[in-house]
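The values are calculated or read from the model by the stated rules, or taken from the named source; none is laboratory data. In this text, all values refer to a predicted model and were calculated from it rather than measured experimentally. All Cβ positions, even for glycine, are placed from backbone atoms using ideal geometry, and neighbour counts span all protein chains on display.
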Amino acid sequence: MSVPVRLLHLTDTHLFADPSRSLRDVVTHESLAAVLRAAQSPPQWPPAAILATGDLSEDESRGAYQAFADLLAPLELPVHCLPGNHDDPERMRGLLDRPPFTLCATPLIGTWQLVMLSSRLPRNPAGRLGEAELARLDEALSASTHEHALVCVHHQPLPMGSRWVDRHMLADAVEFRQLIASHPRVRGVLWGHVHQASDRHLDGVRWLSTPATCGQFLPGSDEFATDDRPPAWRWLTLHPDGRIETEVCWLET
């Protein structure tokens, strides 16, 4: 008998090779370490896996990915990663594409298929999946016999209602959403990039963004603005019947 699957979603860790460096007054290594400590409490812990949806680095350095690996590997959990616009996929591959990490994989957990996509464009804050990645998504969803699917990407496929951040969304979002609509097994789409939480139900699909493990952006702002909310993470419970239960948790400061 299938049981619910619990996942921990981390995104936009923005680590540096130098663990003492800060991004907009947040020391990102310390904030990620604090998030991980806070998440390791019952009844949620341990999850079946951790999802890390991009901008794991801020400086695209090998040292940043080594720092990420050093913080996550001791948890002895699968960590499924994908790149964001601040990432270097080749350097990620060197450290985050071997156990317990995977990079842009399609893991199977319980009755669920996960699809981790790359929307990174070189030297561009916006994103695009492109023909090859859309075809990979279509093939993965068509071939799987698992009942439900959760699709993960870095850039937002839905507008956030913030003019500046929506200039940097998924360029082929229309094609992506059409593909999602053609596969009724998809129950949820999950992303980072926007440093804020959102939760929408559209056409039978749950569309979710998760805040960063460092600083946040101010929702609804036309120009760049930061929020004073603390680092955060998201819990997801994937049920055998296709339901998704989820909660965003904020670090107490």
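Remarks
- For region 72-79, the count of residues that are in contact with a helix residue (DSSP H, G or I) (Cβ under 9 Å, 6 or more places away or on another chain) and in contact (Cβ under 8 Å) with a residue 40 or more places away in the chain is zero.
- Complete set of residues in region 10-28 that are surrounded by fewer than 24 Cβ atoms within 10 Å (Cβ to Cβ) and either within 15 Å of the chain's Cα centre (by Cα) or not aromatic (F, W, Y) (or both): A17, D18, P19, S20, R21, S22, L23, R24, D25, V26, V27
- Inside region 146-157, residues that are over 18 Å from L56 (Cα atoms) and buried (at least 20 other Cβ atoms within 10 Å of the Cβ) make up a count of 5.
- Evaluated against (1) more than 20 Å from S118 (Cα to Cα); (2) in contact (Cβ under 8 Å) with a residue 60 or more places away in the chain; (3) buried (at least 18 other Cβ atoms within 10 Å of the Cβ); (4) not acidic (D, E), H239 falls short on exactly one condition, (3).
- Filter result for R185 (under 25 Å from D227 (Cα atoms) and either surrounded by 13 or more Cβ atoms within 10 Å (Cβ to Cβ) or over 18 Å from the mean Cα position of the chain (by Cα) (or both)): no
- Residue match in region 225-232 (condition: under 16 Å from the mean Cα position of the chain (by Cα), modelled with pLDDT of 95 or more and closer than 24 Å to F16 by Cα): yes
- Long-range neighbours under 7 Å by Cβ, at least six apart or interchain, first residue over 15 Å from L7 (Cβ atoms) and touching a residue at least 40 places away in the same chain (Cβ under 8 Å) within region 141-153, second part of a loop (DSSP other than H, G, I, E, B) and of a type in the set (A, V, I, L, M): V153/L117
- Any hit, region 165-177, residues being within 23 Å of N85 (Cβ to Cβ), touching an Asp or Glu at 6+ places or on another chain (Cβ under 8 Å) and not acidic (D, E): no
- Checked against the criterion of being over 20 Å from S209 (Cβ atoms), buried (at least 22 other Cβ atoms within 10 Å of the Cβ) and touching a Leu at 6+ places or on another chain (Cβ under 8 Å), the candidates A67, A33 yield just one match: A67.
- Condition met for Q44 (assigned to a loop (DSSP other than H, G, I, E, B), surrounded by fewer than 18 Cβ atoms within 10 Å (Cβ to Cβ) and either among the polar types (S, T, N, Q) or in contact with a strand residue (DSSP E or B) (Cβ under 9 Å, 6 or more places away or on another chain) (or both)): yes
- Any chance D199 is over 15 Å from R128 (Cα atoms) and surrounded by fewer than 20 Cβ atoms within 10 Å (Cβ to Cβ): yes
- Strands (runs of 3 or more DSSP E) contained in region 170-216 and holding at least 1 residues among the small types (G, A, S) and under 17 Å from L141 (Cα atoms): 186-191
- Selected residue (criterion: surrounded by the most Cβ atoms within 10 Å (Cβ to Cβ)) from residues of region 85-99 that are among the acidic types (D, E) and touching a Phe, Trp or Tyr at 6+ places or on another chain (Cβ under 9 Å): D87
- Screening L114 with (1) over 17 Å from H80 (Cα atoms); (2) modelled with pLDDT of 95 or more; (3) of a type outside the set (K, R) gives one miss only, at (1).
- Among the residues of region 146-161, those identified as outside any strand (DSSP E or B) and not charged (D, E, K, R) are H146, H154, H155, Q156, P157, L158, P159, M160, G161.
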